[in-house]
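As structure tokens, the structure follows; a few thoughts come after it.
The values are calculated or read from the model by the stated rules, or taken from the named source; none is laboratory data. The structure displayed is predicted, hence computed values, not measured ones. Heads up, the Cβs are rebuilt from the backbone with ideal geometry, glycines too, and the neighbour counts pull from every protein chain shown.
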Amino acid sequence: MLQQFKNMNELVEYLGRLEERVKFLEAENRTLRDTPAPASTSSVDERTIAKYVASFLPLTNLVHPSFLKRAFAVWGHYFVAQFLISLPFAVLYFCLLSMVFSQAARNP
């Protein structure tokens, strides 16, 4: 939000409050860095974290570590999307051709 100041004193007071807030947050950050981490977080190994993160990922080859599997997954999605987009045009084209050929068959 844009702060509007009527005079220089309001600006100086506002900047003073911001400086106090920054000092407080820096002190709190220093305190948090100095306190030792709880034992429960340090006992978590990388495999547990990987399993936890993997539980939220979708079961798709779009996020597979293998490049080829990701490439074919993207190609498959592209193929299906292109098919769905072109299907109405193919139906219209077929209808148009059937109308043209039926008119040609009636009028030799």
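Structure summary
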{"item": "Test: residue in the range 5-22 that is exposed (fewer than 10 other Cβ atoms within 10 Å of the Cβ), under 32 Å from the mean Cα position of the chain (by Cα) and not in a helix (DSSP H, G or I)", "result": "no"}
{"item": "Inter-residue pairs, beta-carbon under 6 Å, first on the phi < 0 side of the Ramachandran plot and exposed (fewer than 12 other Cβ atoms within 10 Å of the Cβ) and in the range 62-76, second modelled with pLDDT under 95 and among the aliphatic types (A, V, I, L, M), 6+ apart", "result": "none"}
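Listed here are the residues, each with its yes/no results for (1) in contact with a strand residue (DSSP E or B) (Cβ under 8 Å, 6 or more places away or on another chain); (2) at pLDDT below 90; (3) assigned to a helix (DSSP H, G or I); (4) of a type outside the set (D, E, K, R).
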| position | (1), (2), (3), (4) |
| --- | --- |
| 1 | no, yes, no, yes |
| 28 | no, no, yes, no |
| 33 | no, yes, yes, no |
| 48 | no, yes, yes, yes |
